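Comments concern the structure below.
The values are calculated or read from the model by the stated rules, or taken from the named source; none is laboratory data. This is a predicted model, so every value here is computed, not measured. Using ideal geometry, Cβ is built from the backbone for each residue, glycine included, and neighbour counts are taken over all protein chains shown.
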Amino acid sequence: MNRFSKLGYVLAVAGSAVGLGNAWKFPYVVGNNGGSAFVLLYLGICLVVGIPIFLGELSIGKLSESDSVNAFSKLTDKFKGFWKAVGFTSVLTGYIIACYYVVVIGWVLYYIFMALGGFGDISMVANSASFSEAFDTSKGVFISFLTQNWLMQTLCFFAVLAGCVFIVSRGIIGGIERLNTYMMPSLFILLLVMLAYSISASSGGFSEAARFLLVPNFSKINFNSFLEALGLAFFTMSLGIAVIITYSASLNDNANFLRSTFSVVGINILLAIMMGLIIFTFIFEFNAPPAQGPGLVFMSLPLLFAKMGSVVGTLMGVGFFVALLFAGVTSAISIIEPFTFFLVRNYNISRAKALCILGAGMVIIGLASLLSNVSGVGEHYQIFGMGFLDFLDYVASKILMPLCGIGAAIFVGFVIKRDGLELLFLPHMPKAVFEIWYICIRFIAPACVIAVMINALWPR
Ligand code: PHE
């Protein structure tokens, strides 16, 4: 059987974890919730909830060495059908996310071309108009790309989809591990270069960014920050959607599980902070509002790059969006793999065939979410007042991901025999650590996730 090398596993899982979320979610949430006070909270939650569920999913994958759907039912004799359904839901959740995640990576690809062309209309107004007027132009460019330029969006979507499917079709070693061993170090170097530039060229923006992200302000921490940290930990660690289970089924026996897990979490946080410092240096340097979500990446930043002049701005812009493309692609392939692995294992078909079937579905669902933003089209199939893409995101990340996370935690905590877990983990961790982990996965993690779900579904 094809298996990851030790480093390959860490890079692949880190590749999954480090994604678009690190660029537009982490920096904003951290900044708004009290900087490093929140980072400390986030680290704490990673320790008591994120890492325990991560290790739980790892154990399901490693003990069964099976695809996520059959992994659960292979490890128990009771309620097999129910656990199969849990496994299938997590595979399906990943697949749903993959469909619209690829659409968003398509936008990133378009912005690479835009950066190469010097940001077109945005560069015209960058220095001549007032900041808010220029910002409106930048916003207008993004909105009109989204609502009118369906052709370009579709082309970019297909390009990204084809790339991702091609990589997954090459398998664990020749495709996924290989891509990550190139892309993850390249991503790191790109970010390092950009960080060095932002430190050297900024006149105060960098120190303000560092203060925004790193100086603790405990007065901003409240119950809500706790929930935010939990949701963020879930999303950025790629939990609850069969990724860790699937990758761990191909994990080498001689890997040190605890060390690999901590490496992944460390890389994820380090890259998130680097991205945050880069983004906010530019934001503060130009006194731009630290906007939220896609607005930050697709509206504020292009304007700031355009303001930096044609040479530096182009270099920085291309560098940033290429880094984001790498981060996105390594995450996207990690969510396409679980369903592929399931089809290949369960129905004994080739990877190519499995990917033809999955790819066809992704084209349909992906195009439906892409078109949901296009004016004159998307209005016709709103669900609960949400565009189709937003609806998929809501259902997948707010409902299905946490549900599957709880499923995995309960399965490991109460269904798998403790002896099997001890056999798996004790060679890699002291007994006391095992005991703490076991309490976390049985009680603390499920309780915390339920709290997040309740809050997410009924916001106060
Ligand atoms: N962790 C990725 C990010 O931060 C997102 C992701 C979610 C990737 C789910 C895979 C699965 O963007």
- If we ask which residues in the range 415-436 are under 17 Å from LEU63 (Cα atoms) and either within 16 Å of the ligand (Cβ to nearest atom) or surrounded by 14 or more Cβ atoms within 10 Å (Cβ to Cβ) (or both), their number turns out to be 8
- Query: If only one of SER16, SER90, SER59, SER5 is touching a helix residue (DSSP H, G or I) at 6+ places or on another chain (Cβ under 9 Å) and surrounded by fewer than 20 Cβ atoms within 10 Å (Cβ to Cβ), which one is it?
  - Reply: SER5
- Within the set of pairs 6+ apart or on separate chains, which have a first residue in the range 321-347 that is closer than 18 Å to LYS74 by Cβ, a second that is charged (D, E, K, R) and assigned to a helix (DSSP H, G or I), and C-beta atoms under 6 Å apart? VAL344/ARG351
- Filter pass, PHE257 being within 22 Å of VAL48 (Cβ to Cβ) and surrounded by fewer than 22 Cβ atoms within 10 Å (Cβ to Cβ): yes
- Item | Candidates LYS62, LYS84, filtered to the one that is assigned to a helix (DSSP H, G or I) and without any contact (Cβ under 8 Å) to a residue 24 or more places away in the chain | LYS84
- Task: Filter the range 415-457 for residues that are free of Cβ contacts under 8 Å to residues at least 12 places away in the same chain and assigned to a loop (DSSP other than H, G, I, E, B) and give the result.
- Result: LYS417, LEU426, PRO427, PRO430
- Six or more apart or on different chains, Cβ under 7 Å: which pairs go from a residue in the range 17-38 that's farther than 22 Å from MET183 by Cα and among the aliphatic types (A, V, I, L, M) to one that's more than 8 Å from the ligand (Cβ to nearest atom) and not in a helix (DSSP H, G or I)? Could you list them? ALA37/PRO216; ALA37/ASN217; ALA37/ILE221
- Members of the range 395-414 that are hydrophobic (A, V, I, L, M, F, W, C) and surrounded by 16 or more Cβ atoms within 10 Å (Cβ to Cβ): VAL395, ALA396, LEU400, MET401, LEU403, CYS404, ILE406, ALA408, ALA409, ILE410, PHE411, VAL412
- Subset of the range 239-275 [of a type in the set (Phe, Trp, Tyr) and at pLDDT below 90]: PHE257
- Does VAL39 meet the test of being surrounded by 22 or more Cβ atoms within 10 Å (Cβ to Cβ) and either among the β-branched types (Val, Ile, Thr) or at positive phi (or both)? no
- Considering TYR110, TYR95, TYR101, which residue is within 12 Å of the ligand (Cβ to nearest atom), part of a helix (DSSP H, G or I) and surrounded by fewer than 24 Cβ atoms within 10 Å (Cβ to Cβ)? TYR95
- Task: List the helices (runs of 4 or more DSSP H) that sit entirely inside the range 169-252 and contain at least 2 residues that are more than 16 Å from the ligand (Cβ to nearest atom) and in contact with a Leu (Cβ under 8 Å, 6 or more places away or on another chain).
- Result: 178-201, 205-214, 223-236
- Note on the structure: Here the residues within the range 330-360 that are among the hydrophobic types (A, V, I, L, M, F, W, C) and either in contact with a Lys or Arg (Cβ under 9 Å, 6 or more places away or on another chain) or within 16 Å of the ligand (Cβ to nearest atom) (or both) are ALA332, ILE333, ILE335, ILE336, PHE339, PHE341, PHE342, LEU343, VAL344, LEU358
- Item | Answer from THR281, THR314 - the residue that is touching a helix residue (DSSP H, G or I) at 6+ places or on another chain (Cβ under 7 Å), in a helix (DSSP H, G or I) and surrounded by fewer than 22 Cβ atoms within 10 Å (Cβ to Cβ) | THR314
- Kindly indicate which of ALA306, ALA327 is surrounded by 20 or more Cβ atoms within 10 Å (Cβ to Cβ), within 16 Å of the ligand (Cβ to nearest atom) and small (Gly, Ala, Ser). ALA327
- Report whether or not ALA408 is in a helix (DSSP H, G or I), under 21 Å from PHE234 (Cβ atoms) and in contact with a helix residue (DSSP H, G or I) (Cβ under 8 Å, 6 or more places away or on another chain). yes
- Message: Which count do you get for residues in the range 247-260 that are farther than 20 Å from ALA332 by Cα and of a type outside the set (Phe, Trp, Tyr)?
- Response: 8
- Task: Name the single residue, out of those in the range 359-394 being among the hydroxyl-bearing types (Ser, Thr, Tyr) and not in a helix (DSSP H, G or I), that is surrounded by the most Cβ atoms within 10 Å (Cβ to Cβ).
- Result: SER372
- Somewhere in the range 64-86, is a residue within 16 Å of the ligand (Cβ to nearest atom) and surrounded by fewer than 24 Cβ atoms within 10 Å (Cβ to Cβ)? no
